[in-house]
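The values are calculated or read from the model by the stated rules, or taken from the named source; none is laboratory data. None of the values given here were measured: they were computed from a predicted structure. Here the Cβ positions follow ideal geometry from the backbone for every residue, glycine too, while neighbour counts run over all protein chains shown.
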Amino acid sequence: MGKKKVTPVRVPTKHQAAKWQRQNRIRRIIITASIVFLVSIISYVGYEYYAAQIKPFNEKVITVNDVSFDMKYYVNMLDAQTKTLEPNSAYNYTYAVAQYIEDAELMKQGAKELNITVSENEIQEIVAEQNFPNDEVYRDIVETQLLSEKLSEYFDSQLQDKMLQANMQVMLVESEQVAKAVLGRVSSGGNFTELVRQFSYDNVTKKYDGNLGWLPEELIPQTIAETFNLTTGEISQPIYDNSTSKDIGYWLIKVNEEDPENGINVSAMLLGSEQEALEIKSELDEGSDFSELAKSYSQHSSKYKGGELGWLKEEEKETNGFSDAFNEVAFQLSTGQVSEPVKDETVQTKGGYWIVKVWDKQQRELDTDARAVVKNKHFSEWLEQQRGNSTIENKLDSTRMTWAANEVIKRR
């Protein structure tokens, strides 16, 4: 057997060893620098993704007592509530959905205090029946609906079988002067229903001859609530209501200029009663400024320009937006002339006097419609009380709501 040939080991020179060490050191530096660079790139991309896609969704935007809802939940709820609508409708429902989340949680927390709950089986049954996605938002929507129904039944069960009710008839007249005249005719034997038809300008009750039907005290409108204390057959004194709308107004019209081509340059003011119009006309006759009075008293949108309506042409009166009563007078005035009060039943003005007659009062069962209104009123008052007794934090400003709507639209 021959001897194995041994290859001698090459021992590097000091110069070669030093060179290799430098090369290895440079290589390690390059590799380390590359790793650091790649990590920084990955970290930056990861942070950008986190900042854009994760962090906004994790932000707590609504808190009701000790229960919080993040942006992801809000976006999902906004999506679910507007699913069947046009995509851009999400922008119109941002505030309503935020309120829905608050009310739903308030309802859930308050219902527990009344020992009213919804089981998981009840929720799953509706989810399956309606073919809803089996996720948190849709289960919450179903739970809220079921709770609402159970709470409605609860408040219905709390109503008395019979309540003291009054059968009332009302009219809204334009001024105190007219109200006194009407009361004078009633006291002389005038028919109340006929007087309603002649003098009432309330755009809701007049179509029913002013009849409100049988109502319990809590359903009497606040403006005339005191009339519930009237006895059978008694009629109230005039009750002023500055917030109600009526289907009548009175114009004072002034022609500022006339021009063969442009027609007439007109200013006008719309007043709530003939009595008021006559009082202001008297001030104008004594030299008061039309523009200043219009700014103070007119109920027409032109009040902010001192009643200026601009140029009107008689041949265009069918399309100028004003009534026949207005046009008939305006184009007959001479320059500088102010009209007498012009009655117009095609406009709406605010303010008037209620006259109320109680035909009968007795303990009786609520009819179906009245019972539903009372029940819903109690439900709403209870929910409002829950809100008042709770700590609610809502961070959904316009910027966040718009962002959420954009996220919903991206899904469509």
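From the residues in region 225-272 that are of a type in the set (Gly, Ala, Ser) and more than 16 Å from Ala294 (Cβ to Cβ), which one is modelled with the lowest pLDDT?
Filtering first and then ranking leaves Ser243.
Looking at region 114-210, what helices (runs of 4 or more DSSP H) fall wholly within it and have at least 1 residues that are outside the structural domain of Ile355 (by TED's automatic domain parsing)?
Correct list: 120-129, 136-157.
Which ones in region 289-311 are under 19 Å from Val347 (Cα atoms) and of a type in the set (A, V, I, L, M, F, W, C)?
Of everything in region 289-311, those that are under 19 Å from Val347 (Cα atoms) and of a type in the set (A, V, I, L, M, F, W, C) turn out to be Ala294, Leu309.
Could you tell me which of the residues Val204, Val186, Val196, Val178 is crowded, with 21+ Cβ neighbours inside 10 Å and among the hydrophobic types (A, V, I, L, M, F, W, C)?
Exactly one residue qualifies, and that residue is Val196.
Of the residues Glu283, Glu328, Glu258, which single one is over 30 Å from Gln237 (Cα atoms) and either in the same structural domain as Gln198 (by TED's automatic domain parsing) or free of Cβ contacts under 8 Å to residues at least 60 places away in the same chain (or both)?
Glu328
Is region 358-369 home to any residue that is charged (D, E, K, R), in contact with a helix residue (DSSP H, G or I) (Cβ under 9 Å, 6 or more places away or on another chain), closer than 30 Å to Leu151 by Cα and surrounded by 15 or more Cβ atoms within 10 Å (Cβ to Cβ)?
no
Conditions tested, residue by residue: (1) closer than 19 Å to Ser157 by Cβ; (2) in a strand (DSSP E or B); (3) of a type outside the set (Ser, Thr, Tyr).
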position: Trp354; (1), (2), (3): no, yes, yes
position: Lys357; (1), (2), (3): no, yes, yes
position: Asp360; (1), (2), (3): no, yes, yes
position: Asp369; (1), (2), (3): yes, no, yes
position: Val373; (1), (2), (3): yes, no, yes
position: Trp382; (1), (2), (3): yes, no, yes
position: Glu393; (1), (2), (3): no, yes, yes
position: Thr399; (1), (2), (3): no, no, no
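Collect the residues in region 234-247 that are in contact with a strand residue (DSSP E or B) (Cβ under 7 Å, 6 or more places away or on another chain) and part of a loop (DSSP other than H, G, I, E, B), keeping them in residue-number order.
Glu234, Ser236, Pro238
What about Lys254, is it charged (D, E, K, R) and in a helix (DSSP H, G or I)?
No; evaluated as a whole, the condition is false for this residue.
For the condition acidic (Asp, Glu) and surrounded by 18 or more Cβ atoms within 10 Å (Cβ to Cβ), what is the one hit in Glu149, Glu143?
Residue meeting the stated conditions: Glu143.
Right, Gly307: touching a helix residue (DSSP H, G or I) at 6+ places or on another chain (Cβ under 7 Å) and not assigned by TED's automatic domain parsing to the domain that holds Leu172 or not?
So Gly307 fits the description; yes.
Could you say whether any residue in region 334-344 is touching a residue at least 24 places away in the same chain (Cβ under 8 Å), assigned to a helix (DSSP H, G or I) and touching a helix residue (DSSP H, G or I) at 6+ places or on another chain (Cβ under 9 Å)?
No - not one qualifying residue is present in region 334-344.
When region 370-389 is examined, which residues are found to be crowded, with 16+ Cβ neighbours inside 10 Å and among the small types (Gly, Ala, Ser)?
Residue satisfying the conditions is Ala370 alone.
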